[in-house]
Amino acid sequence: MSSREDILARVRQKLGRNETNAAVARAEIDTVLAAKAQGPRPQVDAEKSALVGRLIDKSRAYSSTVDQVATRGEAPAAIARYLIGLGLPAQAVIWPKLADLDWASAGVIVQARAAQDADLVGITGCFCAVAETGTLMLCGSVDSPAAISLLPETHIAIVPASRIVPGMEEAFALARKELGQLPRAVNFISGPSRTGDIEQTIVLGAHGPYRVHLILIDGA
């Protein structure tokens, strides 16, 4: 048992939780969430092309760059072009779930593991992308280590158009539907890391990557 599981088990014991009453509590939570009325929010066109266009516009507004390809299989070549164009080494750490792509043919050397401090480029997918704010939602797991989007100077995210949702409300609803419960780590990324602490001058890369590049898969 991990430390996290041990702590949660002790909390459940103190609360008198068991499988029977936990199921009842979860049903009550689901009922409350289903009945909850949304407050005022910006209107976002939910049509696919509109979501794609808004995500691109908002991402660029936050200093991200965007490339579009038709299929997932074209992502490695697009990434190679991006890295070569910036004079960056064609090597990266990637989410293990992206290891099936043909990186060798694109000339990109990849390692499917969590990032370390010497890694310059990290390549991830995303759980979904939020069109309203140009935000990527990444859910940490064994196959999608959070460090890959946080430690390297350059973060490249492969984003299927089918995983773009209008707003945060839809993103959390999708997580509840597909994951059942939130994973250990959920990161929301809106462009490169930045700060304006010194004389209100924006500096990129203060607390993480100073480049964020999206590979948008139109046909997915």
Taking Gln111, is it among the polar types (S, T, N, Q), surrounded by fewer than 19 Cβ atoms within 10 Å (Cβ to Cβ) and touching a strand residue (DSSP E or B) at 6+ places or on another chain (Cβ under 8 Å)?
yes
Cys139 being closer than 23 Å to Ser49 by Cα, in the same structural domain as Pro76 (by TED's automatic domain parsing) and either buried (at least 17 other Cβ atoms within 10 Å of the Cβ) or touching a Phe, Trp or Tyr at 6+ places or on another chain (Cβ under 9 Å) (or both)
no
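Here are Ala171, Ala185: which of them is closer than 27 Å to Val110 by Cβ, hydrophobic (A, V, I, L, M, F, W, C) and in the same structural domain as Gly122 (by TED's automatic domain parsing)?
Numbers: Ala171 fails: closer than 27 Å to Val110 by Cβ.
Answer to the check: Ala185.
To keep it simple, each residue is scored yes or no on (1) under 14 Å from Ser59 (Cα atoms); (2) without any contact (Cβ under 8 Å) to a residue 12 or more places away in the chain.
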site	(1), (2)
Pro145	no, no
Ser149	no, no
Ala175	no, no
Arg184	no, no
Asn187	no, no
Thr201	no, yes
Leu214	yes, no
Thr31 vs. criteria β-branched (Val, Ile, Thr), within 29 Å of Ser141 (Cα to Cα), surrounded by fewer than 10 Cβ atoms within 10 Å (Cβ to Cβ) and free of Cβ contacts under 8 Å to residues at least 12 places away in the same chain:
no
Examine the range 62-73 for a residue that is closer than 22 Å to Asn187 by Cβ, surrounded by fewer than 21 Cβ atoms within 10 Å (Cβ to Cβ) and at pLDDT below 95, and state whether such a residue exists.
yes
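The values are calculated or read from the model by the stated rules, or taken from the named source; none is laboratory data. Since we're looking at a predicted model, the values are computed, not measured. Positions of Cβ are generated from backbone atoms using ideal geometry, with glycine treated the same way; all protein chains shown enter the neighbour counts.
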